[in-house]
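Take a look at the structure set out below.
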């Protein structure tokens, strides 16, 4: 087994053992920190120990029993959900418009729309904070949704654009030549075929909003403080084991979203391309 | 991007129809622009207007007098220069560490059979999807004085005294490498996947040893992906906030933290804006070079 060639250049697995060993270490480095938090969150002790001496759910009780944490969780989920509802249609519409049009400005518009991804996030945070102060949008859910949707648009745009690239636009042409309006042709012919890209984009939008810390630190607060904002502030003071419980919940959310994304990703890959 | 073949879709635009068709085409272009406008509006409101405003503010001092003081201070003040030094030092170290860990990993992933590669890929993508704050918290727990790493090392007899691993430079670097590694591995993996394996067969066939075939054939072909990953990680390092703020313990001050304290602690918008503007220019400059050298959008479209 170990002496079998591993690649085109006839190198054997045995000669490459060092590579596998090193990569194994790197993979452990990547995965262990997040996973180790999970058992720790069930510890009974205030000192996060591993493996825990005795098990309990007290940090989960702490989390769910606290009005502040509950409210923050609720705000984060609302913001993420509305971000999906705003950014997905906007990003999809823009991707479609840019794909179809032979506009000379298409490239410039595309660059403008991915700007939120390239601009340092701290600059967006203080800029939005400054402008939203004038518009009285700071510490409101609306302001949070506007800011997070902007951050999510590039992800939707990129995902849907790549979906459109493998789609044959002539199908929509056929529908329209048979009398369907452009809108109808899009919704009945194009959208069903690029749906997996749109869903991936929506998942990205959700996770972008849910994980966002810095902008939320500036523009959210009071009763509209997000979970991340509260966690960040709590972490600055001390290592509260309640955060291990919250982290475990967030990791589970990530795993579930990732599984959905992978599922739709394979669906997208499996679809025969014209 | 291929636009629809308008000319072929509407065949034989007869002479007297040409004006009408051109009119239709123009109208359609505007409709398509209309589809982009909601997104453009949002990006304009949250990114372009505020950043433009900050750019304007950076030329005024606290009394509202026009001045270049905010920019001059960046060259003159010792504490600013130290911040830049720290930022670049950390960025170089983190990027180098990411290359040392990420290149072999991406290489192995690109060589494994699809099923095994898919399983190993989870190790890269799951952290990528996990909240930044959660991962930083995990390192805070692991690296602290009574944390797991110190406890284990003492139990194993490697060290006698707990090491200071967090609330300093070391902690910041460890946390940042962990968070940024997937940003190097994913574009690099996509680039390696697209390398034609026949070149390697040809090299082997012509008598090159595996090592020589790797360095003379595979490695040069993987450079665009590596370069993309390096620029991406470096640029993200320059503007990093959360991890250095939590793991740096207030002693390791990076660029973005300086911007934050200028606003929150000193309410000095001019200084914060000037710092932000220079950061933006450096970031966009690096990304521009990258995009000119290699098509970034092509590289990024793959792995996600």
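The values are calculated or read from the model by the stated rules, or taken from the named source; none is laboratory data. If you're wondering where the values come from, they're calculated on a predicted model, not measured in any experiment. With ideal geometry, Cβ positions are generated from the backbone for all residues, glycine too; neighbour counts draw on all protein chains shown.
Here are the numbers:
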| item | result |
| --- | --- |
| Residue count for region A:19-44, restricted to those that are more than 9 Å from chain B (Cβ to nearest Cβ) and part of a helix (DSSP H, G or I) | 4 |
| Helices (runs of 4 or more DSSP H) completely within region A:176-274 that count 3 or more residues being touching a helix residue (DSSP H, G or I) at 6+ places or on another chain (Cβ under 6 Å) | A:195-211, A:214-219, A:227-237, A:242-270 |
| Residue match in region A:233-256 (condition: within 11 Å of chain B (Cβ to nearest Cβ), closer than 25 Å to residue B:262 by Cβ and surrounded by 16 or more Cβ atoms within 10 Å (Cβ to Cβ)) | yes |
| Subset of region A:106-129 (residues that are over 15 Å from residue B:46 (Cβ atoms) and in contact with a helix residue (DSSP H, G or I) (Cβ under 8 Å, 6 or more places away or on another chain)) | A:106, A:109, A:110 |
| Selection count, region B:154-193, where residues are in contact (Cβ under 8 Å) with a residue 12 or more places away in the chain, outside any helix (DSSP H, G or I) and surrounded by fewer than 21 Cβ atoms within 10 Å (Cβ to Cβ) | 6 |
| Any hit, region A:80-95, residues being over 24 Å from residue A:142 (Cα atoms) and in the same structural domain as residue A:156 (by TED's automatic domain parsing) | yes |
| Positions within region A:130-168 being in a loop (DSSP other than H, G, I, E, B) and either touching a helix residue (DSSP H, G or I) at 6+ places or on another chain (Cβ under 7 Å) or surrounded by 20 or more Cβ atoms within 10 Å (Cβ to Cβ) (or both), in sequence order | A:137, A:138, A:139, A:140, A:167 |
| Some residue of region B:37-60 being over 26 Å from the mean Cα position of the chain (by Cα), farther than 25 Å from residue A:115 by Cα and within 8 Å of chain A (Cβ to nearest Cβ) | no |
| Verdict on residue A:174 being over 20 Å from residue B:284 (Cα atoms), surrounded by 21 or more Cβ atoms within 10 Å (Cβ to Cβ), more than 9 Å from chain B (Cβ to nearest Cβ) and modelled with pLDDT of 90 or more | no |
| Residue A:47, sole failed condition from (1) more than 29 Å from the chain's Cα centre (by Cα); (2) surrounded by 16 or more Cβ atoms within 10 Å (Cβ to Cβ); (3) more than 30 Å from residue B:214 (Cβ to Cβ) | (2) |
| Lone unmet requirement of (1) over 15 Å from residue B:151 (Cβ atoms); (2) at the interface with chain B (Cβ under 9 Å from one of its Cβ atoms); (3) out of contact with any helix residue (DSSP H, G or I) (no Cβ under 8 Å at 6 or more places or on another chain) for residue A:47 | (1) |
| Some residue of region A:67-78 being modelled with pLDDT of 95 or more and within 7 Å of chain B (Cβ to nearest Cβ) | no |
| Options B:182, B:187, B:162: the member that is in contact with a helix residue (DSSP H, G or I) (Cβ under 9 Å, 6 or more places away or on another chain) and at the interface with chain A (Cβ under 8 Å from one of its Cβ atoms) | B:182 |
| Extreme residue, modelled with the highest pLDDT, among residues of region B:261-304 that are surrounded by fewer than 18 Cβ atoms within 10 Å (Cβ to Cβ) and over 23 Å from residue A:110 (Cβ atoms) | B:278 |
